[in-house]
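The structure under discussion appears below in the form of structure tokens.
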Amino acid sequence: MQFRQLEVFCMVAELGSFTKAAEALYLTQPGVTFHIRTLEQQMGTKLFVREGHKMALTEAGKTLYPYALRALEDLRQGFSEVQKLLNSSQKMVH
């Protein structure tokens, strides 16, 4: 499971559309489809079901979604903290 797969998963869940998620993430629609299919293969289940023109989360998708959000936020916060550390280290050197 990769950061980008979780990011794409969350964006599709939030926007309800592979196309809208692709636009928001500056990806192609086939790229979004690839990330979702790969994640579904790793999970061993479908995460989305089509409801009319909108993609909806399956029960597995609903279960994964809050964990994916927390994981992404934790990673973003970790990256931010490392940047702060690097910035403060550079100030000490000069």
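Read the figures in this text as sums done on the coordinates, not as results from a lab. As the structure is a prediction and not an experimental result, all values here were calculated from the model. Positions of Cβ are backbone-derived with ideal geometry, glycine not excepted, and every protein chain shown enters the neighbour counts.
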| request: Report the calculated FRET efficiency for Leu85 and Gln2 (r = Cβ-Cβ distance, R0 = 25 Å), to the nearest 0.05. | output: 0.55
| said: Tell me the net charge near Asp74. Cut-off is 14 Å between Cβ atoms, Asp74 excluded, with +1 for each Lys or Arg and -1 for each Asp or Glu. | reply: -1
| query | So how strong a dipole does the chain carry about its Cα centre when Lys and Arg Cβ are +1 and Asp and Glu Cβ are -1, to the nearest 20 debye? | reply | 80
| 5 angstrom amide H check on Ser17, placed H, neighbours 5+ away | Met55
| said: I'd like the orientation of helix 3-15 relative to the chain: the angle between its Cα long axis and the longest Cα principal axis, in ° from 0 to 90, rounded to 10. | reply: 50
| message | If I model a spin label as a point 7 Å beyond the Cα along the Cα-Cβ vector, how far apart are those points for Thr33 and Val49 in nm? | response | 2.1
| remark: Checked the stretch 6-51 against the a/c 1.5 cut and the a/b vs b/c comparison, axes a ≥ b ≥ c from its Cα gyration tensor; verdict prolate
| task | Enumerate the calculated ³J(HN,Hα) couplings along the stretch 16-30 in order (Karplus 6.51 cos²θ - 1.76 cosθ + 1.60, θ = phi - 60°), each rounded to whole Hz, writing x wherever the residue is Gly or Pro. | result | x, 7, 5, 5, 5, 5, 4, 4, 5, 9, 6, 10, 7, 4, x
| field | Residue-by-residue Karplus 3J(HN,Hα) for the stretch 70-84, coefficients 6.51, -1.76, 1.60, Hz, glycine and proline x | value | 5, 4, 5, 5, 4, 5, 4, 5, x, 4, 4, 5, 5, 4, 4
| note | log10 I(q)/I(0) for the chain, Debye formula on C-alpha points only (no solvent), q = 0.20, 0.21 Å⁻¹, two decimals, reads -0.91, -0.98
| request: At a Cα cut-off below 30 Å, give the lysines reachable from Lys62, other chains included and same-chain residues fewer than 8 away excluded. | output: Lys20, Lys46, Lys54
